[in-house]
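Each remark here refers to the structure printed beneath this line.
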Amino acid sequence: MEDLKNKILTAYSNGNIVYASTEGACVVNLNEFIEQPIDGLLYDLNRSEEVILTFIDDLKWINDYAVCKVIRALKAENERLKANQKG
């Protein structure tokens, strides 16, 4: 577990993030990661509505669902601001 902790902290200090996938721990550039479409981003983070609601018996789903909605709103605002800069 200590190795994973160090991997995550080192990745973050280099501008990357680590997320768990079916292939294990994935290291990706944070800026590139957030540029992907929202559905892919939430899927990679296991925070899509469909995934969250499968854990409805665990009260943790409440905050996970809120996080999902906040990420969607922030992504939409980011895309709106980018569109206004171009146009």
Can you tell me which condition LYS60 does not meet? The list is (1) under 22 Å from ALA11 (Cα atoms); (2) at pLDDT below 95, and all the others hold. (1)
I want to confirm something. Restricting to segment 41-87 and keeping residues that are touching a strand residue (DSSP E or B) at 6+ places or on another chain (Cβ under 9 Å) and outside any helix (DSSP H, G or I), which single residue is surrounded by the fewest Cβ atoms within 10 Å (Cβ to Cβ)? ASN46
Is there a residue in segment 5-19 that is within 17 Å of ASN78 (Cβ to Cβ), among the polar types (S, T, N, Q) and either over 12 Å from the mean Cα position of the chain (by Cα) or not assigned by TED's automatic domain parsing to the domain that holds ASN78 (or both)? no
Quick check on my filter: what residues within segment 39-87 are among the basic types (Lys, Arg) and closer than 22 Å to GLU23 by Cβ? ARG47
I'd like the residue in segment 12-28 that is farther than 15 Å from GLY40 by Cβ and in contact with a helix residue (DSSP H, G or I) (Cβ under 9 Å, 6 or more places away or on another chain) and, out of all such residues, is surrounded by the fewest Cβ atoms within 10 Å (Cβ to Cβ). GLY15
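The values are calculated or read from the model by the stated rules, or taken from the named source; none is laboratory data. Computed from a predicted model, the values in this text were never measured in an experiment. Cβ: placed from backbone, ideal geometry, glycine included. Neighbour counts: every protein chain shown.
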